[in-house]
1. Could you tell me which numbered condition LEU51 fails, if it satisfies all but one of (1) modelled with pLDDT of 95 or more; (2) in contact with a Cys (Cβ under 9 Å, 6 or more places away or on another chain)?
2. Could you tell me whether region 71-92 includes any residue that is open to solvent by 40 Å² or more (accessible area, probe 1.4 Å), acidic (Asp, Glu) and in contact with a helix residue (DSSP H, G or I) (Cβ under 6 Å, 6 or more places away or on another chain)?
3. Would you check if GLY85 is outside any helix (DSSP H, G or I) and over 19 Å from ASP25 (Cα atoms)?
4. Give region 15-50 a look and list any residue that's of a type in the set (Lys, Arg), part of a helix (DSSP H, G or I) and either open to solvent by less than 60 Å² (accessible area, probe 1.4 Å) or in contact (Cβ under 8 Å) with a residue 24 or more places away in the chain (or both), or say none.
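The values are calculated or read from the model by the stated rules, or taken from the named source; none is laboratory data. Please read these numbers as outputs of a predicted model, since none were measured by experiment. Please note: Cβ atoms are built from the backbone with ideal geometry, for glycine as well, and neighbour counts cover all protein chains shown. Note: accessible area is taken over every heavy atom of the protein model, side chains too, but ligands, DNA and RNA are not part of it. Shrake-Rupley method; radii C 1.70, N 1.55, O 1.52, S 1.80 Å.
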Amino acid sequence: MTRRAEIVGAGFAGLTAACALAQLDRALALAPGHADALNNRGNSRAAKGDLQSAIADFSEAVDLYPGALKAKAYNNRARALAQKGEPDRALAD
């Protein structure tokens with residue numbers, strides 16, 4: 001496992017959304033454009049109620065993930081869109 005993967009893949013279970021978000025911001029500063037970190041930061045932002053930023057993170061992750069791995073970011077983005085009150089956009093994902 002590369003150091004980059006260790007930093008980004010560090011477990012976030014048990015952390016508050018705010019703490020996880022701070023750690024993911026640091027990870028992304030070290031490994032910009034890492035799809036898993038962006039997807040996880042989107043989940044943390046959604047948990048804090050920052051749906052617009054979460055959707056932006058999920059959208060960037062969709063662009064970065066290869067092939068079928070895009071599905072998790074699409075799913076997360078659809079959930080955030082539905083929570084934001086945009087069911088038509090959520091269904092499109």
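1. Unmet for LEU51, out of (1) modelled with pLDDT of 95 or more; (2) in contact with a Cys (Cβ under 9 Å, 6 or more places away or on another chain): (2).
2. No, there is no match, as no residue in region 71-92 is open to solvent by 40 Å² or more (accessible area, probe 1.4 Å), acidic (Asp, Glu) and in contact with a helix residue (DSSP H, G or I) (Cβ under 6 Å, 6 or more places away or on another chain).
3. Numbers: outside any helix (DSSP H, G or I): yes; over 19 Å from ASP25 (Cα atoms): yes.
Against the criterion (outside any helix (DSSP H, G or I) and over 19 Å from ASP25 (Cα atoms)), GLY85 qualifies.
4. Of region 15-50, the ones of a type in the set (Lys, Arg) are 26, 41, 45, 48.
Filter again for part of a helix (DSSP H, G or I), leaving 26, 41, 45.
Matches in region 15-50: ARG41, ARG45.
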